[in-house]
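This report concerns only the one structure given below.
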Amino acid sequence: PESDQPLVITPAMQFDYAATLFDAKDWETADVEFKRYLHFFPGGRNRAEAEFKIGVCRFNRKKFHDAAKAFNTIILSGEETAFTREAYFMQSRAFVNMGNIGYAQIVLQNFLKLNEDEAVRDRIYFSLAKIELFRAKNGSDEALGNALEYLSELSENARITYAADDLEALLIKARQAPKKNPTAAGIFSIIPGGGF
């Protein structure tokens, strides 16, 4: 016999269900279920993570404009969480995918001004260098020089982590190669971020 007892869904149950869908890369359903979590449990302890994962779901569904808006909401909240930090990087990536390189750079440059953590700043500089590589691959003359400048800002630890010396050597070689040269094209194909 069917029970007349109502089904009670706790915040943890709803969040875990959405997270399971997210882990399974069911981006569309996960988006809906994280939104449901936020609707029914607006004060839930996983609110920040749910908001961030909604943006990731939209990014992975190639809804880059919606993703950028979701990440912007997190950024404007003013909260200092790991999800806020990641929202800056993800919003920048969404703008790159929309072809709006200027906004992608502004997001990271603004974050750079707000952040004093060396590891985060290194990641910002490297991300800005990757954007410049994307611009260089698409024909921007000054982009390789800009990428080299960003790489020069990396801390000693980050230079090792990101293999900056090797990357700088490749960029210098690419700068010296004539335009439309197969050597330059080959260099771009092996540079991390060249296919950003």
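All of the numbers you see were taken from the coordinates with simple rules; none came from a lab. As the structure is a computational prediction, the values presented were derived from the model and not from experiment. Neighbour counts are summed over all protein chains in view; Cβ atoms, including those assigned to glycine, are modelled from backbone coordinates with ideal geometry.
With +1 on each Lys and Arg Cβ and -1 on each Asp and Glu Cβ, how big is the dipole of the range 39-149 about its Cα centre, in debye rounded to the nearest 20? Could you put the intermediate results ahead of the total?
Values: 16 positive and 14 negative charges, 131 e Å.
Dipole of the range 39-149, to the nearest 20 debye: 640 debye.
A cut-off under 12 angstrom between Cβ atoms defines the neighbours of Q91, and their net charge, with Lys, Arg +1 and Asp, Glu -1, is +2. Quick check on the range 104-162: take the gyration tensor over C-alpha atoms, sort the square-rooted eigenvalues as a ≥ b ≥ c, and tell me if it's rounded (a/c under 1.5), prolate or oblate. Since a/c reaches 1.5 but b/c is at least a/b, the shape of the range 104-162 is classed as oblate.
With charges only on Cβ, +1 for K and R and -1 for D and E, what is the dipole size of the range 56-116 about its Cα centre, in debye, rounded to 20?
Working: 8 positive and 5 negative charges, 76 e Å.
Dipole about the Cα centre, nearest 20: 360 debye.
Taking Cα centre as origin and charging only the Cβ of basic (Lys, Arg, +1) and acidic (Asp, Glu, -1) residues, the dipole magnitude of the chain rounds to 840 debye.
Once you have a ≥ b ≥ c as the square roots of the Cα gyration tensor eigenvalues for the range 47-147, tell me rounded if a/c is under 1.5, and otherwise prolate or oblate according to whether a/b is larger than b/c.
Working: a/c = 2.56, a/b = 1.37, b/c = 1.87.
Note, shape of the range 47-147 comes out oblate.
Extension gain for A119-A12 works out to 35.3 nm (0.36 nm per residue, less the C-alpha to C-alpha distance). Neighbours of T81, meaning other residues whose beta-carbon lies under 11 angstrom from its beta-carbon, give a summed charge of -3 when Lys and Arg score +1 and Asp and Glu score -1. The distance from the alpha carbon centre of the range 12-55 to that of the range 56-96 is 15 Å, rounded to a whole number. The chain has equivalent-ellipsoid semi-axes of 40, 18, 14 Å, by the square roots of 5 times the alpha carbon gyration tensor eigenvalues, sorted largest first. Above 12 Å, the calculated P(r) of the range 71-117 contains 59 percent of its Cα-Cα pairs.
Cross-link reach is defined here as a Cα-Cα straight distance under 23 Å, omitting same-chain residues fewer than 8 places apart; for K113 the lysines meeting it are K69, K130.
Taking the Cβ of E132 as the center, what net charge do the other residues with Cβ under 13 Å away carry, scoring Lys and Arg +1 and Asp and Glu -1?
Numbers: positive: K130, R135, K137, R175; negative: D141, E142, E149, E153, E168.
After counting each charged neighbour, the total is -1.
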